[in-house]
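What follows is a short report on a single structure.
Quick note: the coordinates plus some simple rules give every number you see, no bench work behind them. Quick caveat, the model's predicted, so the values are computed rather than measured. Using ideal geometry, Cβ is built from the backbone for each residue, glycine included, and neighbour counts are taken over all protein chains shown.
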Amino acid sequence: MQTKGKTFIGQHLRNTVLSVSALIIAFSSSLAIAEQQNTNTQKASIEYMTGTSDMHGMRIAYRPDIKHTFDLPLIGETKLEWEASLNLFDIHGSAKNEATYGLSLSPVFLKSIPSFSERYPLAVEFGIGVAYVHEEKFGGVNIGSYYQFEDRIGLVMSINEEETAQVALRYIHYSNGGFNTKNPGLDFITLAYLHSF
C-alpha cells in the first residue's frame, strides 16, 4: 500500500516537474521570438490623398509599438495596430482655395495575403476609426459635423527584405455616420510610404 502511494506521488511529482519544465522552455522560446519580432516595431508614414470635390491632402501618421494578433473566424491570423494621424485637406477649384486639418485615431487590421514574390510580402488592411475635422464647412462642402468616422481598406506591400519600408494604396472614406442630416461623406484614394523603426 505504501509502495503504491510512493509510486503515485513519485509519478505525480515527475509529471509536475516535466510540465513546469515544458512551460518554462515554451515561455523562454516565446520571449526569444517576441524579442526578435520587436525590432522595428514603430511606424511613421506620409500619404498623398486625392478625392471628393477636387480635394487633395496629406496624412502624416504614427503607429506606436502597440500590436495584437488575433485568430479571426473565416479570416485567420490578423494583426491589429493603432494609428494616429494629422490630416491636411486642401480644396482647389472653388471660388477661393480653402484648407483645413483634422486629427484621427484608428485601429488598423492587417491580414497577410499571397504575394507574386516572396521578396515583396502583401497584406490587406482595414479599419474604422474616429476623426476630428477643424472646419465643418469648407470648399462648398458641408460635412455636417466636426466629428467623423474614418473607414479604410487598402493593400500594403513591403519593398525591402527587412520589411522596414512599405507602400500602401488605400481607399479612405469620411462620414459622420448619419448623426447629422448633412452627411455627404468624403472619399479619397491615397498613396502612402511607411517606414518602421
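I want the local charge near residue 60. Using Cβ-Cβ distances under 15 Å, sum +1 for each Lys or Arg and -1 for each Asp or Glu among the other residues.
Details: positive: 43, 59, 63, 170; negative: 47, 83, 90, 150.
Surrounding charge for residue 60 is 0.
Could you pull out the trypsin sites (Lys or Arg not before Pro) across region 76-135 that fall in loop regions by DSSP (anything but H, G, I, E, B) with no more than 15 other Cβ atoms inside 10 Å? Don't skip to the end; give the middle numbers.
Values: sites: 79, 96, 111, 119; in loops: 96, 119.
When the trypsin sites (Lys or Arg not before Pro) of region 76-135 are filtered for loop state and at most 15 Cβ neighbours within 10 Å, 96, 119 remain.
Length gain on complete extension for the stretch residue 42 to residue 171, per 0.36 nm per residue less the alpha carbon to alpha carbon distance?
Values: separation 129, 0.36 × 129 = 46.44 nm, distance 2.28 nm.
Length gained between residue 42 and residue 171: 44.2 nm.
Compute the signed sum of charges (Lys and Arg +1, Asp and Glu -1) over the other residues within less than 9 Å, Cβ to Cβ, of residue 42.
After counting each charged neighbour, the total is +1.
When Lys and Arg each count +1 and Asp and Glu each count -1, what net charge do the other residues less than 13 Å away from residue 177, Cβ to Cβ, add up to?
On the way: positive: 182; negative: 150, 151.
Result for the neighbourhood of residue 177: -1.
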